[in-house]
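The values are calculated or read from the model by the stated rules, or taken from the named source; none is laboratory data. For clarity, every value in this text was computed on a predicted model and none was experimentally measured. Neighbour counts are summed over all protein chains in view; Cβ atoms, including those assigned to glycine, are modelled from backbone coordinates with ideal geometry.
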Amino acid sequence: MKFIFLALALITPAFSASFDSEAFGKRLNGWQKNHTASYQLTDTNYRTYKPSITKASEGGLALSTQVDLVMFGGKAALSHIDMSFSADGTLLSAQLRSSIGSKTIDTGMIKRPEAPAKVEGETAPVKFNGTEQLLAELFNRFHGELAKITEDKNSEKRDLLSRLFRSKSKIANLEVGLRYNCDLILQHVSR
């Protein structure tokens, strides 16, 4: 029996990332019995599903959750947030996928950028925050894709949801909800 515990201790990384799902849910108004949290931001209703977590053998983790933008009693947009973290809790990659009516948005997997190489003779260190740069790229892509589908004149005539999302405030609300969830996820990942 001691041999099994010793073998497991040797296989397990010295440290590994973890995610506090209960604290995350508490910040979203608490988990309900159906493993969702319903809350309101910017006068818009959202529903976030309890994230699924997959541990990596090297101590990192992958996290996936669904966020619904809820309007008029139904889902106006269904979105997925996928993030992966290293063993020390550093964000390595992220992806946003959304369905708005019959339209879909997929940012593709955005990977953490490399720190810039130090330039010889440079006096002040360059400020680099890979997480901020990754999230900026993620939401720039998301905003660009969202703008494409909401500005499509032909779909506006046929699709009620496209007309609902035509206003800039509706676009901003979807992005605000997703960004809020991403920020909370980052706050609740630790090693």
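Miscellaneous remarks
- Within the set M83, M109, the sole residue that is within 23 Å of G144 (Cβ to Cβ), among the hydrophobic types (A, V, I, L, M, F, W, C) and surrounded by fewer than 16 Cβ atoms within 10 Å (Cβ to Cβ) turns out to be M109.
- The residues in the range 32-42 that are within 28 Å of D88 (Cα to Cα) and assigned to a loop (DSSP other than H, G, I, E, B) can be counted, and the count is 1.
- The single condition among (1) assigned to a strand (DSSP E or B); (2) of a type in the set (S, T, N, Q); (3) on the phi > 0 side of the Ramachandran plot that N29 does not satisfy is (1).
- Among residues of the range 143-159 that are within 14 Å of I105 (Cα to Cα) and acidic (D, E), those with a beta-carbon under 7 Å from a residue that is in a helix (DSSP H, G or I) and modelled with pLDDT under 55 at least six positions away or on a different chain give the pairs D152/S162.
- With respect to the stated conditions, T65 fails to be out of contact with any Asp or Glu (no Cβ under 7 Å at 6 or more places or on another chain), of a type in the set (V, I, T) and over 19 Å from S190 (Cβ atoms).
- The residue pairs whose first member lies in the range 14-43 and is surrounded by 12 or more Cβ atoms within 10 Å (Cβ to Cβ), whose second member is outside any loop (DSSP other than H, G, I, E, B) and aromatic (F, W, Y), and whose beta carbons are closer than 7 Å, counting only pairs six or more residues apart or on different chains, are A17/F85; L28/Y39; N29/Y39; H35/Y49; T36/Y49; Y39/Y46; L41/Y180.
- In the range 178-191, the residues that are modelled with pLDDT of 95 or more and either surrounded by fewer than 16 Cβ atoms within 10 Å (Cβ to Cβ) or of a type outside the set (K, R) (or both): L178, Y180, N181, C182, D183, L184, I185, L186, Q187, H188, V189
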